[in-house]
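S.K.: Take a look at this one; I'll ask things after.
The values are calculated or read from the model by the stated rules, or taken from the named source; none is laboratory data. Just so it is clear, the structure is predicted and the values come from calculations on it, not from any experiment. Cβ coordinates were reconstructed from backbone atoms using ideal geometry, including for glycine residues, and neighbour counts include every protein chain displayed. All accessible areas refer to the heavy atoms of the entire protein, side chains included, with ligands and DNA or RNA removed. Shrake-Rupley method; radii C 1.70, N 1.55, O 1.52, S 1.80 Å.
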Amino acid sequence: MSFLWSLIVGGVIGWLAGLLTGRDIPGGIIGNVIAGFIGAWLGTALFGNWGPTIGGFDIIPALIGSVILILLASFVIRRLHRAA
């Protein structure tokens, strides 16, 4: 049950980050979960563990990290499309 809860929270974090940035995450639900997990790792590495914790995620650093990840990914994808 804990793993399922982590997947749900990771997906919600990725989805919220996509809403905040106004950019779609490639891959739909799976892309949201991946963005949530990688963003949580990035946010925790940059900002540490603080704020409320749900499903093993520190929500505020995870959300900030996911926003950063989505912005970086969209920048790279845009540059690759221009180069092609």
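S.K.: Under a crude label model (7 Å from the Cα following the beta-carbon direction), how far is L80 from W50 in nanometres?
M.R.: 3.5 nm
S.K.: Further, regarding this structure: Consider the candidate values (i) 42, 23, 22; (ii) 43, 26, 17; (iii) 37, 25, 19; state which one is Cα extents along the principal axes in Å computed from the structure displayed.
M.R.: (ii)
S.K.: What value, in deg cm²/dmol to 500, does the helix sum -39500 (n - 2.57) over DSSP H runs of n ≥ 4 give at 222 nm once divided by the residues of the chain?
M.R.: Values: 3 runs with 65 residues, N = 84.
Using -39500 (n - 2.57) per qualifying helix, the result is -27000 deg cm²/dmol.
S.K.: Now a separate question. How many Å² of accessible area per residue for the chain, probe 1.4 Å?
M.R.: On the way: 5370 Å² over 84 residues.
Using a 1.4 Å probe on heavy atoms only, each residue of the chain averages 64 Å².
S.K.: If you roll a 1.4 angstrom probe over the protein chains with everything in place, what fraction of the accessible area of the chain belongs to carbon and sulfur, to the nearest %?
M.R.: 74 percent
S.K.: Would you tally the net charge around F75, using a Cβ to Cβ cut-off of less than 15 Å, leaving F75 out, and scoring K and R as +1, D and E as -1? Don't jump to the answer; show the numbers that get you there.
M.R.: On the way: positive: R23, R78, R79, R82; negative: D24.
Cβ neighbours under 15 Å give a net charge of +3.
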